[in-house]
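The values are calculated or read from the model by the stated rules, or taken from the named source; none is laboratory data. Everything quoted here is computed from the prediction, not taken from an experiment. We place every Cβ from the backbone using ideal geometry, glycine too, and count neighbours over all the protein chains shown.
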């Protein structure tokens, strides 16, 4: 039996990562696990407060899910993998843009690098084929209905 007690949900606030959010919350509810929401900041230090406030708004409606928020700096894939190892994460639930061919080769894939380098299990969530994008999880954002 797989034991899941700590789930990591990295977000870049895109519709692709929002799709993964619903899976992360569902797993946390099913397993009674804690959920850590992480954003890796790579911009100017002037906007850290803004991203911290955005990050802290992501909160499951189910108040029984323990949630924490972590703002990291650096390369997203490297920081996600490092944090997961340091925090004893069991599962990373991450969204992917699903790029293929030359576009993927040029852009790289944070999800792919995390999947290859993480010591724990990684659930990669993509949008259904032809979908325009998942809505921002407004119902799951603190203070919103």
How many residues, within segment 91-145, are within 20 Å of residue 29 (Cβ to Cβ), out of contact with any helix residue (DSSP H, G or I) (no Cβ under 9 Å at 6 or more places or on another chain) and at pLDDT below 95?
2
Residue pairs qualifying under the 6 Å Cβ cut-off, at least six apart or on distinct chains, with the first in segment 59-77 being in contact (Cβ under 8 Å) with a residue 12 or more places away in the chain and the second being part of a loop (DSSP other than H, G, I, E, B) and buried (at least 16 other Cβ atoms within 10 Å of the Cβ), are 67/59
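Kindly evaluate residue 16 against the criterion of being assigned to a helix (DSSP H, G or I), farther than 22 Å from residue 126 by Cβ and under 14 Å from the mean Cα position of the chain (by Cα). I'd like the intermediate steps shown before the answer.
Details: assigned to a helix (DSSP H, G or I): yes; farther than 22 Å from residue 126 by Cβ: no; under 14 Å from the mean Cα position of the chain (by Cα): yes.
The answer is no for residue 16.
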Got at least one residue in segment 3-17 being free of Cβ contacts under 8 Å to residues at least 40 places away in the same chain and buried (at least 18 other Cβ atoms within 10 Å of the Cβ)?
no
